[in-house]
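Single-structure report; data block below.
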Amino acid sequence: MFQLEKLIRENIKKLTPYSSARDEFSGEAKVFLDANENSLGSPLTKWYNRYPDPHQRMVKEKLGMVKGIAPEHIFLGNGSDECIDLLFRSFCEPGRDNVIICPPTYGMYEVSANINDIEIRKAPLLEDFQLDLVHLENLVDANTKLIWLCSPNNPTGNSLNRSDMETVLNNFNGIVVVDEAYINFARQKTFLQELVEYPNLVVMQTFSKAWGLAGLRLGIAFASVAIIDILNKVKPPYNINQATQELALKALDEVGQVNDMIRLLVDMRGALTEIFLAMPTVEKVYPSDANFILVKIKEARKVYEFLLTKGIVLRDRSNVQLCADCLRITVGTEKENTLLVDALQDWYASKTN
């Protein structure tokens, strides 16, 4: 049975979080003389001399309306990487506990685990990039606190089988983190509506991909109120800056435009897939539910280096488990996609002459 209290680190249970005066009152104040700000303003705008709302209330309220989730189930991080780090720091005892990842997958799970001195156990995906449930189950012990599932997965682009993910949720007494950074591009539905059913579920999303706001660094974790309370307890007091909060609020008013971009990117993903499949040097294009495509291509490293000479930067995943000779290609603008295709044709021509 899932018991959150048993997962929380003892020092976190005892932690008294930083509290500002703005945490200690409700309502509207007329004069702020509590935080030693520069009361005369700033060179940029008169508003940025003040600290931002430490709880991002307006953003969470509007985001909650868009997602159909109550604000108290939402945590906002300085990028998803902060959400990842806080989950380790809240629930994993350094030098004692372990987590499970399923490579190939997003690299920051492993990096953050290493930073926090947490043992990493790996249950590699099967050849079809789906979960190996038997291997995963065999890795779990009393000190396994987190299981990380990325769906749609990065770098493979596929969605994990929903029934397999539900099996993990139903049989693991720790926290299951489902990273849905690319969910807006997928045919599979989100796990957000399952938060009520699974108290051990954390769903991560982001403003970086479909929302097109990677430069703002705004990540999202959805979870039970109890888990969100722990993350709020551990986070820095003003982790989301004022400019990011303001721009996120504006973006959340443009859901229609975002949906139009998603449809266009998915259409271009399909068109690029067809073009790649017709190229003699391409051995396989893996099905994708993301805004990128994983392509297995002959002499992938040489192709990657050739494209660099043309000013085109891809991601070489050749050294990643199960991804030999694979390049990860983000769907670009129509002009960028054309430049890429032309450059790949130049490469092929150079090999046949």
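What single numbered condition from (1) in a loop (DSSP other than H, G, I, E, B); (2) surrounded by 11 or more Cβ atoms within 10 Å (Cβ to Cβ); (3) touching a residue at least 40 places away in the same chain (Cβ under 8 Å) fails to hold for Met1?
If we test Met1 against (1) in a loop (DSSP other than H, G, I, E, B); (2) surrounded by 11 or more Cβ atoms within 10 Å (Cβ to Cβ); (3) touching a residue at least 40 places away in the same chain (Cβ under 8 Å), just (2) comes out false.
Would you point out the residue of the stretch 91-148, among those that are touching a strand residue (DSSP E or B) at 6+ places or on another chain (Cβ under 8 Å) and part of a helix (DSSP H, G or I), that is farthest from Ile12 (Cα to Cα)?
For the stretch 91-148, the residue satisfying everything is Leu136.
Determine the pairs where a residue that is in the same structural domain as Arg301 (by TED's automatic domain parsing), located within the stretch 269-283, has a partner that is among the acidic types (Asp, Glu) and surrounded by 17 or more Cβ atoms within 10 Å (Cβ to Cβ) with Cβ atoms under 9 Å apart, the partner being 6 or more residues away or on another chain.
Taking only residues 6 or more apart or on different chains, the pairs are Glu283/Asp325.
If I ask for residues that are in a loop (DSSP other than H, G, I, E, B) and either of a type outside the set (S, T, N, Q) or outside the structural domain of Ile175 (by TED's automatic domain parsing) (or both), which ones from the stretch 206-231 would you list?
Phe207, Lys209, Ala210, Trp211, Gly212, Leu213, Arg217, Leu218, Ala223
Would the stretch 323-331 turn up any residue that is of a type in the set (A, V, I, L, M, F, W, C), at pLDDT 95 or above and closer than 20 Å to Ala210 by Cα?
Within the stretch 323-331 (the criterion being of a type in the set (A, V, I, L, M, F, W, C), at pLDDT 95 or above and closer than 20 Å to Ala210 by Cα), the answer is yes, since at least one residue qualifies.
Looking at Glu197, Glu180 in this structure, which one is out of contact with any Asp or Glu (no Cβ under 8 Å at 6 or more places or on another chain), of a type in the set (D, E, K, R), without any contact (Cβ under 8 Å) to a residue 60 or more places away in the chain and buried (at least 22 other Cβ atoms within 10 Å of the Cβ)?
Sole residue among the options that is out of contact with any Asp or Glu (no Cβ under 8 Å at 6 or more places or on another chain), of a type in the set (D, E, K, R), without any contact (Cβ under 8 Å) to a residue 60 or more places away in the chain and buried (at least 22 other Cβ atoms within 10 Å of the Cβ): Glu180.
Provide a single number: the residues in the stretch 9-48 that are of a type outside the set (Phe, Trp, Tyr), more than 19 Å from Pro236 (Cβ to Cβ) and assigned to a loop (DSSP other than H, G, I, E, B).
16
Test Ile329 against the criterion of being buried (at least 17 other Cβ atoms within 10 Å of the Cβ), in contact with a Phe, Trp or Tyr (Cβ under 7 Å, 6 or more places away or on another chain) and not small (Gly, Ala, Ser), and give yes or no.
So Ile329 fits the description; yes.
Which residues, taken from the stretch 149-181, are assigned to a loop (DSSP other than H, G, I, E, B) and within 16 Å of the chain's Cα centre (by Cα)?
Ser151, Pro152, Asn153, Asn154, Pro155, Thr156, Gly157, Asn158, Ser159, Leu160, Glu180, Ala181
Residue-by-condition table, conditions (1) of a type in the set (A, V, I, L, M); (2) in contact (Cβ under 8 Å) with a residue 60 or more places away in the chain; (3) assigned by TED's automatic domain parsing to the domain that holds Leu277:
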position	(1), (2), (3)
Ile297	yes, no, yes
Ala300	yes, no, yes
Lys310	no, no, yes
Asp325	no, no, yes
Thr330	no, no, yes
Asn337	no, yes, yes
Ala343	yes, no, yes
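Restricting to the stretch 9-24, name every residue that is of a type in the set (S, T, N, Q) and modelled with pLDDT of 85 or more.
Asn11, Thr16
Among (1) assigned by TED's automatic domain parsing to the domain that holds Asn49; (2) within 19 Å of Thr206 (Cα to Cα); (3) of a type in the set (Val, Ile, Thr), there is one condition Val234 misses while meeting the rest; what is its number?
(2)
When you look at Lys60, is it at pLDDT 85 or above, more than 30 Å from Val258 (Cα to Cα) and part of a helix (DSSP H, G or I), yes or no?
no
Among the listed residues Gly68, Gly27, Gly79, which satisfies the condition of being surrounded by fewer than 12 Cβ atoms within 10 Å (Cβ to Cβ), within 30 Å of Gly256 (Cα to Cα) and either modelled with pLDDT under 95 or in contact with a Leu (Cβ under 8 Å, 6 or more places away or on another chain) (or both)?
Sole residue among the options that is surrounded by fewer than 12 Cβ atoms within 10 Å (Cβ to Cβ), within 30 Å of Gly256 (Cα to Cα) and either modelled with pLDDT under 95 or in contact with a Leu (Cβ under 8 Å, 6 or more places away or on another chain) (or both): Gly68.
Please go through the stretch 263-287 and give me each residue that is crowded, with 17+ Cβ neighbours inside 10 Å and in contact with a Phe, Trp or Tyr (Cβ under 8 Å, 6 or more places away or on another chain), ordered by number.
Across the stretch 263-287, the qualifying residues are Leu265, Val266, Arg269, Met279, Thr281, Val282, Val285, Tyr286.
The values are calculated or read from the model by the stated rules, or taken from the named source; none is laboratory data. Just so it is clear, the structure is predicted and the values come from calculations on it, not from any experiment. Glycine gets a Cβ as well: all are built from the backbone with ideal geometry, and neighbour counts include every protein chain shown.
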